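Working notes, structure below.
The values are calculated or read from the model by the stated rules, or taken from the named source; none is laboratory data. Please read these numbers as outputs of a predicted model, since none were measured by experiment. Neighbour counts are summed over all protein chains in view; Cβ atoms, including those assigned to glycine, are modelled from backbone coordinates with ideal geometry. Remember, those area values only see protein heavy atoms, side chains included, never the ligands or the DNA or RNA. Shrake-Rupley method; radii C 1.70, N 1.55, O 1.52, S 1.80 Å.
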Amino acid sequence: MTRLRRKALVALFLFTLFIFGTMMGLRTLKPSDGFSDLAPGMDFIGERSDRKRLDVKDAVESPDKFHVGSSDTKVVFTKSDRDYSIFYDVHIFYYLWYGAPSVDNKYIHWDHVLVPHWDPKIAASHAKGRHTPPEDIASSFYPELGPYSSRDPKVLDSHMAQIEAAAAGVLVLSWYPPGVADDHGEPTEDLVPLTTIFKCVFAQVAFHIQAYKGRTDQSTHDNIKYIIDKYGKHGAFYRFKSSTGRVLPLFYVYDSYLTPAESWAELLTAKGSHSIRGTPYDGIFVALIVEERHKHGILASGFDGIYTYFASNGFSFGSSHQNWKAIKTFCDANNLLFIPSVGPGYIDTTVRAWNNHNTRNRVNGRYYETSLQAALSVRPEIVTITSFNQWHEGTQIEKAVPKKTATRLYLDYQPNQPDHYLQLTRQWAEHFNKEKDKWLM
C-alpha cells in the first residue's frame with residue numbers, strides 16, 4: 001500500500017513538473033510562433049523574424065516590396081504598430097459617379113430620378129420625379145459621410161481606409177470612356193482623374209467597363225488600349241496570375257451579352273480581325289452571365305471568365321446561388337474563371353419603385369454571410385463584392401448611419417455599428433484564404 005502511495009506521489013510530481021514546463025514554454029512564444037499569418041500556399045522568405053514591415057506609402061510606391069512569399073493573393077503590412085492583411089482574391093465594385101454642391105456645384109446621382117417601368121400601366125401606379133438631397137437621397141440607406149462628392153479628396157481617403165479595413169485587395173472601378181457617362185450622371189474619367197485613386201489606394205485597381213451607349217468590340221479595343229497606355233505602368237494597376245502562369249490585366253465587362261458573340265470574337269480570339277491576343281493589350285476578360293444561355297455565347301466570344309455581379313439571389317440565373325455549382329462546372333470544363341459576386345442585400349426601390357419583389361433584406365448580416373458561404377462552396381479563385389458604394393441598389397458595405405427626416409426614415413445597420421459590413425467582409429476574406437489553403441492540400 002505504501003509503495004502504491006509513493007508511486008502515485010511520484011506520478012503527481014512528474015505531471016505537475018510537465019504542466020509547469022509547458023506553461024513556461026508557452027509564455028515565451030511570440031504571437032506568430034507556430035501560427036502562420038500568411039495566405040494559403042505562402043511561405044516566409046527567410047525566418048519570420050526577418051519579415052520586413054512596410055507602411056502604406058512604401059506599398060503604393062513600390063508594390064513589389066509588399067508581396068510576401070510566393071503567392072500574389074495576400075499582403076501583410078504594418079500600420080500604427082499593427083499588422084494588417086489585404087487579399088487580392090477579394091475584389092470589390094466601386095462607383096465614382098457621385099457629386100455634391102461643395103465640390104461639383106450640384107448634386108450628382110444622389111438626386112437620381114425615379115425610373116419609370118417600361119409597362120405604362122405599371123408605371124402609372126408608382127411615383128415619379130427626382131430626389132432632393134441632402135434630406136431626400138436616391139438610396140434606402142444614408143451614408144455616414146452624407147451625400148458626398150467622388151471628387152472630394154477627404155472622401156477618397158475615407159473610402160480607401162474603409163476598403164483597407166474590409167481587407168479587399170482589388171478595387172474594381174466602374175469605368176466609362178472620357179466624355180461618356182451613364183444615363184443619370186456625368187463623365188467621371190475627366191472629372192475624377194483616376195490617378196488620384198491610384199495614389200491613395202493601398203489595394204490594386206481593376207476596371208469594370210460599363211455598357212455605355214455605342215459600345216462595340218472595336219470601341220472596347222480602343223478602351224483597353226487607352227486604359228493600359230494611361231495606367232498600365234502604375235504599380236497599383238492590377239494584374240492577375242492565371243493557373244497557366246500568365247500575368248495579365250483583368251477587366252470585367254458589364255452586360256457583355258448585349259454585343260453578339262461573333263463581334264466579341266473579333267477582339268478576343270487569336271484569329272479575330274482586331275484581336276488583342278498576344279499583343280501588349282492582352283488581358284483576362286470576364287463576362288457577365290445573366291441567363292443560362294449566355295454561358296455558350298461567352299465561350300464562343302473568347303472571354304476568359306464569367307462573373308455574376310447582381311447581389312439579389314434569385315434575380316437572374318447567374319445571381320442565383322443554387323446555380324453556381326453548375327456554372328463552376330461549366331467553367332472548369334472550358335478553362336474559364338468563375339467569379340461569383342456576393343452582396344449584403346438588395347433594395348433599389350428609391351430609383352425603381354416597382355421593383356420591390358427583388359428586394360433582399362440584410363437580416364443583420366446573415367444574408368451576406370449566406371451569400372459568402374455559397375460562393376466559397378464552389379471553390380472560386382476570386383470572389384467579388386457587390387458593392388462598396390452602389391447606394392441606389394442598397395448593396396453598399398460603406399458605413400451608413402441612422403437618419404430620419406420629415407418625409408424619410410432611412411434603413412441602417414443597427415443594432416450593429418456603421419462598419420459592420422466592413423468587418424464581416426474582413427472576417428470572410430480571412431476565412432476564404434484559410435479555405436483555399438485546404439483546397440490546395
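Miscellaneous remarks
- Scoring 115-126, 203-214, 220-231 by mean Cβ neighbours within 10 Å over their residues and listing the highest first yields 203-214, 220-231, 115-126.
- GLY305 long-range amide H proximity, modeled H, under 5 Å: PHE285, ALA287, LEU337
- Working from Cα pairs under 8 Å separated by at least six residues, relative contact order for segment 152-292 is 20 percent.
- In this entry, segment 204-287 is assigned a mean projected area of 5.5 nm², taken as a quarter of its C-alpha convex hull surface.
- Modelled spin-label separation between GLN218 and ASP255, with each label point placed 7 Å from Cα along the Cα-to-Cβ direction: 2.1 nm.
- Overall, segment 298-385 carries a charge dipole of about 280 debye about its Cα centre when +1 sits on the Cβ of Lys and Arg and -1 on the Cβ of Asp and Glu, all other atoms neutral.
- Couplings 3J(HN,Hα) of segment 132-149, computed from phi: 10, x, x, 6, 10, 10, 7, 7, 7, 10, 10, x, 4, 7, x, x, 8, 9 Hz, in residue order, whole Hz [Karplus 6.51 cos²θ - 1.76 cosθ + 1.60, θ = phi - 60°; x for Gly and Pro].
- In this structure, the amide hydrogen of LYS74, modeled 1.01 Å from its nitrogen in the peptide plane, lies closer than 5 angstrom to those of TYR88, counting only residues at least 5 positions away or on a different chain.
- Judged by the mean number of other Cβ atoms found within 10 Å, the most tightly packed of the peptides 384-397, 244-257 leads the ranking 384-397, 244-257.
- Listed residue (TYR95, TYR421, ALA400) projecting farthest to the positive dipole end of segment 94-440, Cβ model: TYR421
- 5 angstrom amide H check on LEU250, placed H, neighbours 5+ away: PHE240, ILE284
- Segment 94-440 - Kirkwood radius from inverse mean 1/r over Cα pairs (Å): 20.9 Å
- Residue ranges 270-277, 183-190, 86-93 sort as 86-93, 183-190, 270-277 when ordered by packing (mean number of other C-beta atoms within 10 Å per residue, highest first).
- Rounded accessible area per residue of segment 245-356, 1.4 Å, Å²: 37 Å²
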